[in-house]
1. Between the range 197-255 and the range 42-120, what is the C-alpha centre distance in whole Å?
2. Which of the three applies to the chain, rounded, prolate or oblate, going by the alpha-carbon gyration tensor with a ≥ b ≥ c and a/c under 1.5 meaning rounded?
3. Scanning the chain for helices, which whole DSSP H stretches are 30 Å or more long along the axis (Cα) and average -1.0 or more by Kyte-Doolittle?
4. Could you give the dipole magnitude of the range 4-104 about its Cα centre, charging the beta-carbon of Lys and Arg +1 and that of Asp and Glu -1, in debye to the nearest 20?
5. Taking H placed 1.01 Å from N in the peptide plane, check which residues at least 5 places from VAL110 or on another chain put their amide H under 5 Å from its amide H.
6. Stretched out fully, how many nm does the piece from GLU37 to SER189 gain, at 0.36 nm a residue minus the Cα gap?
7. Any idea of the accessible area per residue across the chain, 1.4 Å probe, to the nearest Å²?
8. Which order do the peptides 140-147, 219-226, 197-204 come out in when sorted by mean C-beta neighbours inside 10 angstrom, highest first?
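The values are calculated or read from the model by the stated rules, or taken from the named source; none is laboratory data. Computed from a predicted model, the values in this text were never measured in an experiment. Don't worry about glycine lacking a Cβ; one is built from the backbone with ideal geometry, like all the others, and counts go over all protein chains shown. Heavy atoms of the whole protein, side chains included, go into the accessibility calculation; ligands, DNA and RNA do not. Shrake-Rupley method; radii C 1.70, N 1.55, O 1.52, S 1.80 Å.
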Amino acid sequence: MSTHLLTILKPLVFEGKSGVLQVTHAYNDQAHFYLKEGMIEQVTTSKLQGAKAVKLVNGWVSTTSTFLENEQGDYTPTPEIGTAAILALLEKSAKNIAIIQKKIPDNSIVLQINSGKLNTVDTLSTEDLKVAVLFDGTRSIEQALEISGKSELALLTYTCRLIMAGVAKAQVVQKNVMKEEEQILLLHSLNEMLTQLIGLAAPFLMDDAFAEIKSQPDMLSKEEIPLLLAAIRRMLDDNEKEELDEWERAYLGTD
């Protein structure tokens with residue numbers, strides 16, 4: 001998991017910075033915090049702005065960010081959000097996330113539910129039980145997030161409660177490593193495409209993507225290919241993403 005947004009945003013406010021803080025969520029959304037002399041004048045996501053955007057971003061955990069100092073951006077200041085209120089909201093979620101990160105190292109872990117113990121723990125809420133149903137011993141937290149309809153922070157909070165109650169535990173999954181020849185052909189084609197796309201930075205991007213999914217080229221499994229491509233996709237711009245999508249359709253036969 002990444003550094004919490006509060007750690008990035010708070011110094012910018014206290015130092016009176018002006019510019020645009022660009023925050024990218026690992027699950028296909030992006031937010032912009034527009035600052036002027038340390039005051040947050042507007043927050044936008046792909047579909048929301050103002051207080052609604054702040055509420056959405058507060059539910060993000062896996063993020064990366066870039067601060068474009070002295071960039072103005074195109075926005076309209078809104079009086080409905082206040083800098084102090086935003087920091088206070090992020091402060092609460094940061095405390096929650098600090099606890100979560102001790103129990104959940106990353107969203108790729110697969111959880112197994114002890115159904116017998118689940119029925120004996122009386123401290124769990126209805127929402128805890130709804131989240132428990134999402135884990136069947138083969139589904140990762142990331143996959144559960146896709147179908148839960150909850151924010152990342154909400155799902156991780158309930159999941160953490162299940163782990164702390166002893167109801168859920170990480171499942172050790174044996175990787176089905178690809179055959180060496182398949183690995184070589186796949187990674188050669190992918191690296192060749194990325195080199196044409198971004199030049200000499202391609203190998204470094206590949207290394208970063210493997211580090212993100214906590215794997216390595218000679219241990220790549222077929223199940224990890226979508227995770228690898230997703231990690232790469234997050235480091236590309238929109239046009240480059242289209243090229244990657246085209247390669248994926250042509251090489252892997254995906255829709």
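1. Computed from Cα coordinates, the inter-centre distance equals 25 Å.
2. oblate
3. For the chain, where a helix must reach 30 Å along its axis and average at least -1.0, the hits are 83-103.
4. 580
5. Correct list: GLN171.
6. Roughly 50.0 nm would be gained on extension.
7. I get 57 Å² per residue for the chain.
8. The packing order, highest mean first, is 140-147, 219-226, 197-204.
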